[in-house]
Amino acid sequence: QVQLVESGGGLVQAGGSMRLSCAASGSIFSINAMGWYRQAPGKQRELVAAITSGGSTNYADSVKGRFTISRDNAKNTVYLQMNSLKPEDTAVYYCAADTSIMGPVSDVDYWGQGTQVTVSS
């Protein structure tokens, strides 16, 4: 089993920045990909960004150029730096981990508890 604990989140004005962190513990040797999903009210959970153990990344089109995902393998922690935040980025952000690649929500192996990010206009 893998446990994911998120930190960061909160309220920020449009145009501002915020960093989310997610620390993994447990059977972390089995983990390849880590990433972030988000779910806004009334919408489906969607992939925001993911990174593999080798450092390959992918991003949702809506956040490219604004968000950066990074990973510290020594600390078993993944980060999401969010810049130029927009009100439409408001959502609950979930840390995720997978033994393979980050894919559909239904296929993700492990989830964090979620952290609220609210961007005011």
Going through the stretch 63-111 in order, the residues found to be open to solvent by 10 Å² or more (accessible area, probe 1.4 Å) and small (Gly, Ala, Ser) are Gly65, Ser70, Ala74, Ser84, Ser100, Gly103, Ser106
Kindly check whether there is at least one residue in the stretch 35-53 that is free of Cβ contacts under 8 Å to residues at least 40 places away in the same chain, surrounded by 15 or more Cβ atoms within 10 Å (Cβ to Cβ) and part of a loop (DSSP other than H, G, I, E, B).
no
Failed item in (1) within 11 Å of the chain's Cα centre (by Cα); (2) of a type in the set (S, T, N, Q); (3) farther than 24 Å from Ser121 by Cα, with Gln3 passing the rest
(1)
Checked the stretch 70-121 for anything of a type in the set (Asp, Glu) and touching a residue at least 60 places away in the same chain (Cβ under 8 Å); matches are Asp98, Asp109
Hits in the stretch 64-121 - residues which are aliphatic (A, V, I, L, M) and assigned to a strand (DSSP E or B):
Ile69, Val78, Leu80, Met82, Ala91, Val92, Ala96, Ala97, Val117, Val119
Report, by residue number, each residue of the stretch 10-34 that is within 20 Å of Ala74 (Cβ to Cβ), open to solvent by 60 Å² or more (accessible area, probe 1.4 Å) and not in a strand (DSSP E or B).
Phe29
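Residue by residue, here is whether (1) farther than 20 Å from Asp109 by Cβ; (2) modelled with pLDDT of 95 or more; (3) hydrophobic (A, V, I, L, M, F, W, C) holds:
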{"residue": "Gln1", "(1), (2), (3)": "no, no, no"}
{"residue": "Gln13", "(1), (2), (3)": "yes, yes, no"}
{"residue": "Ser17", "(1), (2), (3)": "yes, yes, no"}
{"residue": "Ala24", "(1), (2), (3)": "no, yes, yes"}
{"residue": "Ser30", "(1), (2), (3)": "no, no, no"}
{"residue": "Gln39", "(1), (2), (3)": "no, yes, no"}
{"residue": "Gln44", "(1), (2), (3)": "no, yes, no"}
{"residue": "Asn58", "(1), (2), (3)": "no, yes, no"}
Go through (1) surrounded by 16 or more Cβ atoms within 10 Å (Cβ to Cβ); (2) more than 13 Å from the chain's Cα centre (by Cα); (3) over 18 Å from Ala14 (Cα atoms) for Val119 and report which single condition fails.
(3)
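The values are calculated or read from the model by the stated rules, or taken from the named source; none is laboratory data. Because the structure is a prediction, the values reported are computed rather than measured. Note that we place each Cβ from the backbone using ideal geometry, even for glycine, and neighbour counts take in every protein chain shown. The area values use the complete protein model at the heavy-atom level, side chains included, leaving out ligands, DNA and RNA. Shrake-Rupley method; radii C 1.70, N 1.55, O 1.52, S 1.80 Å.
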